[in-house]
Each structure stands twice: as structure tokens, then as C-alpha cells.
Amino acid sequence: MRAQASLQSMPAAAGIGLRSPHVGEVLSTQPGVAWLEVHSENYFAAGGAHLSQLETIRERYPLSLHGVGLSLGSTDPLDRPHLEQLRRAVNRFEPALVSEHLAWSSVGGRHANDLLPLPYTEEALRHVSRRIAAVQDALGRQVLIENVSSYVGFAASRLREWEFLAGVAAESACGLLIDVNNIYVSACNLGFDPDEYLAAIPPTAVRELHLAGHTAVPAPAGELLIDTHGTPVADAVWDLYARALARCGAVPTLIEWDTDLPPLTTLIAEAAKADAYLGALHADAA
Amino acid sequence: MPTLRELQSDFLAAILDGGVGSSVRVAEQFQARLVAGAYGTARGLAVYTNNAEHHYLESLRKSFPVVQRLVGEDYFTQCAREFRRDQPSRTGDLHDLGGPFPAYWHDKHGDDAYRYLGDVARLEWLYQEASTAADHAPFDFAKLARVPTEDYDALRFILHPSARLFSSEFPALAIWRENMRSDQEPEIIDLGAGGERLLLARAAAGFAAGIDVRPLVHAEFVFLQAIEGSLGFGACVAAAAAIDPDFDASAALETFVYGQVIVDLAAEHP
């Protein structure tokens, strides 16, 4: 039996995204993975077996709650019922980390239920920073904000994404969850240098890294990368991850996989690979 | 320069309404405000359009697996798209989307040979509701002991938050059970076998416990329905006795209390 994870600390090691088909196996086999992350909205229910299951898992592993539906960047009023459900989940599971996205999903009350990009303007920077601060106030804790994959950008943007992200971290005092695959996907799609992105990130604000697979889709002109979370992490993303670690130091790193979910062992093998990168960093530092 | 609000409104219109009538022109104009790689802004926007539809439809597939199996994936997808046009998402939590879907099936096939789909969809949604309803401690008998005997007739019992009563025209449970397993061909169900009265409630113990689905006789159903409707115990017994004069209220009460279906007394009985 593992020691109860009561101290809310997240190790600088690799975790995996826990999806419902794997919950039973994680409970019964207690695989040796450093920590787990779940989607917050999957635990908004008032009660039921899956909440009890997560409470048991939470006693065995450090946990991260990762939200996908709060629509932080929307110009609609903050979704207080959604935020209240998140607050209840945070109080119930006492996760080591809580994260949301630098994105919006809804306006005028209509939801796309997808992570949509913001224009990188001063207006948007002030708006989203205020919203993040409001969420942190409501939860009584720091929230990590994740960069998303983009397929279009806005002509109105006056800041680069990395400048915007650093600005948000400075204004709202949030932490950063840097998704290395998302940087790579957006860099390929929108034509920027991912290393310029990494170089501009305030390393002390980075509390978590994400790694996931993407899919290249041929288009009549050029190629489009889509953040599918349905394949192994690409070699180029592993290379970028090594450079992210060099920049940020050893940071908890998550393997995310959502579509065409493979056996749990595949996720654990990907996590072991990330652990090897983290281990190499520790060895270099020693 | 357009405001953030304007950009978001135009963006959402482009990805959610972009293919519909006059919005096509609006969407094309909006693309001039975007940038993308060589693949172009229309292709980039299409990723968001596809994602939005995919997330919505996947949520319905997860909530209504048996309906999908009964009608086939293609027809389910066609109907789910039609439903989405009528009921666009207004929630950041995808688990909330399926509530009106049973009524959609009932309306769409209410007058034809597929009328049973409405019953099956309603059963699937109640199952989901029962799975995610609040927890509740078992019945506290000390509370009951404090109620004077002369107040028993007015006693109002409370059902477990997960308890759902279901009645149908068709044998929905038989259809559902036959089609829950995807690894075997379902048996033929006689649709003329008549309807069902069921109680769905979370099984009493253990975090791996699922949902108990149990058939009720008519008087039991009316008895629990009266409790659910906050009637006093005397009125609940009378309602059941009107269906079956031999209804044993004490035995029913014991069964449902020990089965953790009845879990509390109303607030006026502290």
C-alpha cells in the first residue's frame, strides 16, 4: 500500500491522464505511476460510485483536476454554477494541482464545448487575467493555465501567444501548465518558432507540463496538425520537451491520451519515457 | 479594431452556423479577420466545427448506447445532428446534454413501429441520473422512534436521491438488457409483451456497486410514487390499497427501508 497522499504535493515525475475505461484497472492493480490527472467535469456529479472510486484513488496517488468547460476567456459572465461545481470537486478531492485553459468555449450562452483561441490583444489580456483572478479567489488557491493548440489566429492580435501567456501569469498570479505538444502543433500550423515560445516563458511560473500525440492531416495546400490526443507523443515533441525541461527544470509531466484509448500499459510506458527525460535532467544537475 | 466580444460572437457563428443559409456569407467575411498556415482559415475553422459536433455527439453516444445499437450508428448520428440543431449546447458540462433526448425519440417515432425507442431512451437517461445522484446515509431509525404514533399517518418519507420510478408502454428493460452487451447478438424481444414498472436506485453498498433495476408490482409503484410526491404515509398506503386491497404496507416499508430506497423522513420530523 502506498503512503496516503495527504500533503498535496506533486512530484516532479511523470503522471498519466486517467480516463474512465482505466479506472477499474488502476484500482485493482495500483500501477506504479507517480500521479494522475482527471477532467474536473467528469467528477461534477452530486454522488455515485465514480466519486467514491476517485476518493480511493486520491488516497493512493497525488491528483490533478484539469478543467475543460469553464470557458475562462469568454465575454459572457463567469459561469458561476460551473465554478461552484468545480469548487465542490476541489474541496472533495483536495487535488495537488488545479488547471484550466487559456481559451474560451461559449458566448451569448451558446457553447462549442471546444477550446477556442483568444485574440492576443491588451483587451483580452486584461479580461482573461481578471477572470483567472476571480476563479482563484473563488477556489481559494492558485490555478494553472494551459496554452491550447490553435488552427487559426486573429489578425487583430498585437501580442505573440507567449507574450500574452507571460502577461496573464504576471497579472493574475496564476501558474502555468505548458502543453509542449500544443506549442508544437500551433507552431507548425501558424508558423512560429517553438523555441522562441519556450524562451519567453517565465520558468518559475511553470508548475506542470503536458505531452500528447497529434495527427497530421494533409490539406489541399500544406498540412494541418490536429491535437487529437490519440497517438504516441511525436519524436519532435519529445525533442521540444527536452528543451522545455532545460528551460523550466524538472516539472511534473503528464501523458494525455483521450481518443482511441490504448491499454493502460501503453500510457505507463509513455510516462516511463518522460521519467527518463526527467531523470537525465536530475543526473545533469547532480 | 473589433472588440473581444465581437470577435467571439463572429467566431462562434462561423463555426456553429457557418454552413447554414445566410451565415455562409458572414462566415466568409469573418475569415478575413483570421490568419492560418497554407491550409487556409476555412480549413482551420473546420477543425473547430468538427470538434464541436464530435464532442456533442460523443456525449449522446455515451449516454444512449442501447438506442444507438438499436437504430445503428448512421441513423443515430443523423438523429443526433437533428437534435443538436434543435437543442444547441448551452452548457460547459457535456454530461448535461442528453436530458431532452428521450423526448426527441418519443416525438420522432411516436406514431410508428419504433415508438419503443422513446421508452428505451428514457430508461437510459434515468440510469445515468441514478448513477450520478447525490449519496445519502442509510435510514436513521432513531428519528422514526421520536415520532409519536399518532403522527404516523402524516409521516413523510424521503426516497434515496438516486431513486427513479419508470413506467413504460413497451418492455424497455428487456430490450435494454438484451442490447447492453455488444459481444452477443440480442434475442428477439416481443414488443407486444406489455410495459414495465421499474425502480432504479443505486445499490446499497460498496463503491463498485452499480444500479439496481427492479420490477415493481402496480401497488408498489403507486406507493413509491406517492412517497416521491411527498404525500403523508397514510395517503401513500391508501393510494396503494386502491390498486390492491391486500397491499401489505408494513412489508413494503420494511423492504424499501432496508433496501435503502427510503432513506429519511421529511424535515418536519427532526
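The values are calculated or read from the model by the stated rules, or taken from the named source; none is laboratory data. Remember, predicted model here, so these are calculated numbers, not experimental data. Cβ placement follows ideal geometry from the backbone for every residue including glycine, while neighbour counts extend to all protein chains displayed.
Okay, here's what the table says:
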| item | result |
| --- | --- |
| Residue check, B:Leu70 in contact (Cβ under 8 Å) with a residue 60 or more places away in the chain, buried (at least 19 other Cβ atoms within 10 Å of the Cβ) and not aromatic (Phe, Trp, Tyr) | yes |
| Checking B:Phe64 against (1) among the aromatic types (Phe, Trp, Tyr); (2) at the interface with another protein chain (Cβ under 9 Å from one of its Cβ atoms); (3) more than 16 Å from A:Val152 (Cβ to Cβ), the condition it does not meet | (2) |
| Filter pass, B:Arg43 being surrounded by 19 or more Cβ atoms within 10 Å (Cβ to Cβ), outside any loop (DSSP other than H, G, I, E, B) and charged (D, E, K, R) | yes |
| Pick from the stretch A:45-55, criterion closer than 23 Å to A:Ser9 by Cα and touching a helix residue (DSSP H, G or I) at 6+ places or on another chain (Cβ under 8 Å), ranking: surrounded by the fewest Cβ atoms within 10 Å (Cβ to Cβ) | A:Glu55 |
| Complete set of residues in the stretch A:20-34 that are in a loop (DSSP other than H, G, I, E, B), surrounded by fewer than 18 Cβ atoms within 10 Å (Cβ to Cβ) and not polar (S, T, N, Q) | A:Pro31, A:Gly32 |
| Residue count, the stretch B:137-173 (criterion: outside any helix (DSSP H, G or I) and of a type in the set (Asp, Glu)) | 2 |
| Those residues of the stretch A:94-123 which are surrounded by fewer than 20 Cβ atoms within 10 Å (Cβ to Cβ) and touching a residue at least 12 places away in the same chain (Cβ under 8 Å), in sequence order | A:Glu94, A:Gly108, A:Gly109, A:Glu122 |
| Test result for A:Glu37, within 12 Å of another protein chain (Cβ to nearest Cβ), on the phi < 0 side of the Ramachandran plot and crowded, with 20+ Cβ neighbours inside 10 Å | no |
| Odd one out for A:Leu264, checked against (1) touching a residue at least 12 places away in the same chain (Cβ under 8 Å); (2) within 23 Å of B:Arg43 (Cβ to Cβ); (3) among the aliphatic types (A, V, I, L, M) | (2) |
| Complete set of residues in the stretch B:114-136 that are part of a helix (DSSP H, G or I), farther than 21 Å from B:Phe223 by Cβ and of a type in the set (Gly, Ala, Ser) | B:Gly118, B:Ala121, B:Ser131 |
| Some residue of the stretch B:86-95 being part of a helix (DSSP H, G or I), surrounded by 14 or more Cβ atoms within 10 Å (Cβ to Cβ) and modelled with pLDDT of 95 or more | no |
| Residue match in the stretch A:211-221 (condition: buried (at least 21 other Cβ atoms within 10 Å of the Cβ), touching a Ser or Thr at 6+ places or on another chain (Cβ under 7 Å) and either within 14 Å of chain B (Cβ to nearest Cβ) or assigned to a helix (DSSP H, G or I) (or both)) | yes |
| Residue list for the stretch B:212-254, restricted to those being outside any helix (DSSP H, G or I), without any contact (Cβ under 8 Å) to a residue 60 or more places away in the chain and farther than 22 Å from B:Tyr127 by Cα | B:Asp244, B:Pro245, B:Asp246, B:Phe247, B:Asp248 |
| Where a residue in the stretch A:68-87 is facing another protein chain (nearest Cβ under 7 Å) and at negative phi and its partner, wherever it lies, is surrounded by 16 or more Cβ atoms within 10 Å (Cβ to Cβ) and assigned to a helix (DSSP H, G or I), with Cβ under 6 Å and at least six apart | A:Gly69/A:Glu41; A:Leu70/A:His82; A:Thr75/B:Leu4; A:Thr75/B:Gln8 |
| Some residue of the stretch A:68-75 being modelled with pLDDT of 95 or more and over 27 Å from A:Gly15 (Cβ atoms) | yes |
| Options A:Gln8, A:Gln53, A:Gln4: the member that is part of a helix (DSSP H, G or I) and either at pLDDT below 95 or within 14 Å of chain B (Cβ to nearest Cβ) (or both) | A:Gln53 |
| Any hit, the stretch A:91-101, residues being of a type outside the set (A, V, I, L, M, F, W, C), assigned to a loop (DSSP other than H, G, I, E, B) and under 18 Å from B:Leu34 (Cα atoms) | no |
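For every residue, the table says whether it meets (1) in a loop (DSSP other than H, G, I, E, B); (2) under 20 Å from A:Leu144 (Cα atoms).
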{"position": "A:Val233", "(1), (2)": "yes, no"}
{"position": "A:Asp239", "(1), (2)": "no, no"}
{"position": "A:Val251", "(1), (2)": "yes, yes"}
{"position": "A:Thr266", "(1), (2)": "no, no"}
{"position": "A:Leu278", "(1), (2)": "no, no"}
{"position": "A:Leu281", "(1), (2)": "no, no"}
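Each row is one residue, and each column tells you yes or no for (1) within 14 Å of B:Arg164 (Cβ to Cβ); (2) not β-branched (Val, Ile, Thr).
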position: B:Ile189; (1), (2): no, no
position: B:Leu198; (1), (2): yes, yes
position: B:Ala201; (1), (2): yes, yes
position: B:Cys236; (1), (2): no, yes
